[in-house]
Amino acid sequence: MIRIHLTPEDLAETRFAFSPVWEAVQSVEALSNPGKYVFHLPWIDQARGSVGESDLEPLRALLSYPHGYRVDFITPPPEGPYPDFEEELGRILATPHDIVRHEIGL
């Protein structure tokens, strides 16, 4: 069991929201490493037919950092409870170049 102690202030700042971009990134991760996501193998098999020969290599490169680190700018935290995919993509595109370079190690 994991126990997390929060102050009332911490709790007031806590939010739960889904992220369409995070879901897309996790989907690419599952397609790239199906052995890690055996529960999702039926979906992976089905999705491979839909994805076909899409060039996912640039995104895979951002997801393949050592020690499980994933660049933060690729999955920005949702700004509200109902995030929009295009808005999240816009936030990624608006990431300052110095942050992108720092996070990918250039």
In segment 73-106, residues that are under 16 Å from the mean Cα position of the chain (by Cα), outside any helix (DSSP H, G or I), in contact (Cβ under 8 Å) with a residue 60 or more places away in the chain and over 11 Å from Pro20 (Cα atoms) total 0
Going through segment 1-60 in order, the residues found to be outside any helix (DSSP H, G or I) and more than 26 Å from Phe73 (Cβ to Cβ) are Met1, Ile2, Arg3, His5, Leu6, Thr7, Gly52, Glu53
Output for Cβ contacts, cut-off 9 Å, separation at least six or different chains, first residue closer than 16 Å to Pro81 by Cα in segment 1-15, second of a type in the set (Lys, Arg) and part of a loop (DSSP other than H, G, I, E, B), reads none
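Read-outs: derived from the displayed coordinates by stated rules, not from any lab. What you see is a predicted model; the values in this text were computed from it and never measured. Don't worry about glycine lacking a Cβ; one is built from the backbone with ideal geometry, like all the others, and counts go over all protein chains shown.
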